[in-house]
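Below is one structure, written out as structure tokens; comments come after it.
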Amino acid sequence: MIKISQETKDTLKNLAQENNIYLEGNIIKFIEVGDDEEFLAYLNEATKQDKENRKKRLLVTKQVQQQNKELVKQKEEKESLLDELEQALKKAEVSKEIAEQDLTLLQKKTQTELVGNIVKVSLVLICGIALMITILYSLALVFNKDTELLGNTFSNMLGILLTNSFSIIGTIMGVKYATKDTN
């Protein structure tokens with residue numbers, strides 16, 4: 001047991017009355033009271049105040065612990081959502097790349113088909129016109145008709161058709177070269 005002088009007891013009582021400050025903790029249990037009823041009342045009030053303060057601190061501690069648990073849970077949820085978001089972003093990027101590759105392939109296929117159709121139509125026209133002029137010139141030769149005008153036309157037409165066919169082929173090759181992927 002701890003013995004306290006009367007002067008210290010009076011100081012503690014005055015502190016309690018003036019500032020509402022009491023002793024706290026387990027030390028209250030070890031103070032020897034003696035026959036001082038006022039100091040006994042002070043220690044009882046100090047014990048009561050100590051219990052209330054401990055309850056308040058315990059409640060605050062429990063609230064802080066609960067908030068910490070909630071914060072940890074929210075942090076885990078946010079991390080989980082962030083991971084899911086990153087995975088979804090990666091999947092979207094992969095899907096985008098696949099779609100771009102498919103689109104590029106489709107465009108190249110369409111361009112190739114278009115170029116093929118243009119070449120076929122051009123060749124059919126060139127061959128058809130050349131065949132018609134050749135037939136007309138041949139008929140004129142067979143029937144001994146005047147072939148001078150038809151010969152010049154035949155010669156000019158073959159030159160023009162030949163020039164145009166090379167021009168079409170050159171244009172197609174230029175388009176193919178310009179759209180070629182150089183990566």
Rounded to the nearest 10, the angle in degrees between the Cα long axis of helix 6-19 and the longest principal axis of the Cα atoms of the chain comes to 50 degrees
Net charge (Lys, Arg +1; Asp, Glu -1) of residues whose beta-carbon lies under 14 Å from that of ARG54, ARG54 excluded, is +4
If each K or R counts +1 and each D or E counts -1, the residues other than ASN14 whose Cβ falls under 13 Å of its Cβ total -2
Counting Lys and Arg as +1 and Asp and Glu as -1 over every other residue whose Cβ sits under 11 Å from the Cβ of LEU71, the net charge comes to +1
Once phi for every residue in the stretch 158-168 is put through the Karplus expression 6.51 cos²θ - 1.76 cosθ + 1.60 (θ = phi - 60°), the whole-Hz ³J(HN,Hα) values, with Gly and Pro written as x, are 5, x, 5, 4, 5, 4, 5, 5, 5, 5, 5
Stokes-Einstein D for the stretch 1-72 (20 °C, 1.002 mPa s, Kirkwood Rh from Cα pairs), in µm²/s, comes to 155 µm²/s
Sorted by chain and then number, the residues having a modelled amide H within less than 5 Å of the amide H of ILE31, at least 5 places away or on another chain, are ILE2
Contact order relative to length for the chain, counting C-alpha pairs under 8 Å separated by 6 or more residues, stands in percent at 13 percent
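What are the semi-axes of the equivalent ellipsoid for the chain, taken as the square roots of 5 times the Cα gyration tensor eigenvalues, largest first, in whole Å?
Each semi-axis is the square root of five times an eigenvalue, giving 117, 13, 10 Å.
A short reminder: the numbers here are calculations on the coordinates, not readings from a lab. Quick caveat: nothing in here was measured; it's all calculated off a predicted structure. Neighbour counts are summed over all protein chains in view; Cβ atoms, including those assigned to glycine, are modelled from backbone coordinates with ideal geometry.
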